[in-house]
1. Between ASN222 and TYR164, what is the spin-label point distance in nm, taking each point 7 Å from the Cα along the Cα→C-beta axis?
2. Going by a ≥ b ≥ c, the root eigenvalues of the Cα gyration tensor, does the range 108-221 fall in the rounded group (a/c under 1.5), the prolate group (a/b larger than b/c) or the oblate group?
3. Once phi is turned into ³J(HN,Hα) by the Karplus curve 6.51 cos²θ - 1.76 cosθ + 1.60 with θ = phi - 60°, what whole-Hz value does each residue of the range 53-67 show in order, with x for glycine and proline?
4. Just want the ordering: LYS67, LYS314, LYS187, from fewest to most Cβ atoms lying within 10 Å of their own Cβ.
5. Which cross-chain or sequence-distant (5 or more) residues have an amide H under 5 Å from the amide H of TYR289, H modelled 1.01 Å from N in plane?
6. Assuming R0 = 22 Å, can you tell me the calculated FRET efficiency for the pair SER157 and ASN198, based on Cβ-Cβ distance, to the nearest 0.05?
7. What is the distance in Å between the Cα centroid of the range 245-278 and that of the range 37-86?
8. Can you list residues from other chains, or at least 5 along the same chain, whose modelled amide H is less than 5 Å from the amide H of ILE43?
Amino acid sequence: MKKIIKIIILLVVFGGVGFYFRQPIENLFVRIENKVLPCQQPIIYSFGFFDQRFGITKKEFSDAVDKAVQIWEKPINKKLFEYSADSLQVGILKINLIFDNRQETTIKLKKLGIQLDNNKSTYDKVKSEYEQLYISYEGKKIELDSVISQFNADKSSYDSEVNYWNGRGGAPENEYVKLDQIKNQLKDRADKINQSQNEINDLIGNINALADELNRLVYVLNLNVSKYNTVGQQNGAEFQEGLYKGDVRGEEIDIYEFSDNKQLVRVLTHELGHALGLDHLSNPEAIMYEINQGKNENLSTYDIAALKSRCGLK
């Protein structure tokens, strides 16, 4: 009897563990199936997190994904992806739109009137703008530091005067009027300092955006120059417009940056290629090249060859 009870307990435990890890296990089987039998069944995708700060609608984002899907499907006339409104479906590929400093950089550069092309001409233009703004920043910062230093000295003198009269039960009327005038003047000066600081913060944002773009262009163009410094902050990891990731929890595509609809479609196409199991290609003309520097809106012959090889097509 005790042996039977132990068996029942073990079955319950294993059943509970199996239920708890059911979705990761099912996701893993789906991923294994797609790797062993690629292109046999369409990859089911849905939309996950959508950040509205990009200034596009969900419909526009969905249309961009549709275009990216067609770019892969049309050359081999095969359904490779299928949309599902059920984002909790097992094995589903979630596509997210995530706003961070990368898109913020793009917005700032567009406001500065800088066209984001991957060429030496763009690099020279961005470098010139960066140097001008950096010189302006240094001058404004020195000036503001001096103003703040004088303000702090005057504020300290005012505080000492107030404490002096408070220790004597209050200032005479003429002293009170004078101190009140100084207080109002200090307030006006503080407001101007805050305004100047906000202007410098905006300038810092533009300088950092230019530095990010310069560092990206240095990498893209393989230039032998030193890395450009940001001001007041470090913006984190290496620039990536998008990222595909997959594990037992499922698969996701995160889109971080694009300057226009064409670039959005191209970034989506690149990441969908990874979802199909394609690696980076060495030819710069390929959509699956490691850097998104091309202008072609369709697959190159190199992409098509890789796709056919992946799907077992001739």
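1. With each label placed 7 Å out from Cα toward Cβ, I get 7.2 nm.
2. Here the range 108-221 falls in the prolate category.
3. For the range 53-67, the Karplus curve yields 5, 6, x, 10, 8, 5, 5, 5, 5, 4, 5, 5, 5, 4, 5 Hz.
4. Starting with the residue having the fewest Cβ neighbours, the order is LYS314, LYS187, LYS67.
5. Amide H neighbours of TYR289, under 5 Å, 5+ apart: LEU281.
6. Working: r = 27 Å, r/R0 = 1.21.
With R0 = 22 Å, the Cβ-Cβ based efficiency is 0.25.
7. Comparing the Cα centres of the range 245-278 and the range 37-86, I get a distance of 10 Å.
8. Placed amide hydrogens put PHE81, GLU82 under 5 Å from ILE43.
Here, each number is a calculation from the coordinates, and none is a lab measurement. As the structure is a computational prediction, the values presented were derived from the model and not from experiment. Reconstructed Cβ throughout: ideal geometry from the backbone, glycine too, with neighbour counts over all protein chains shown.
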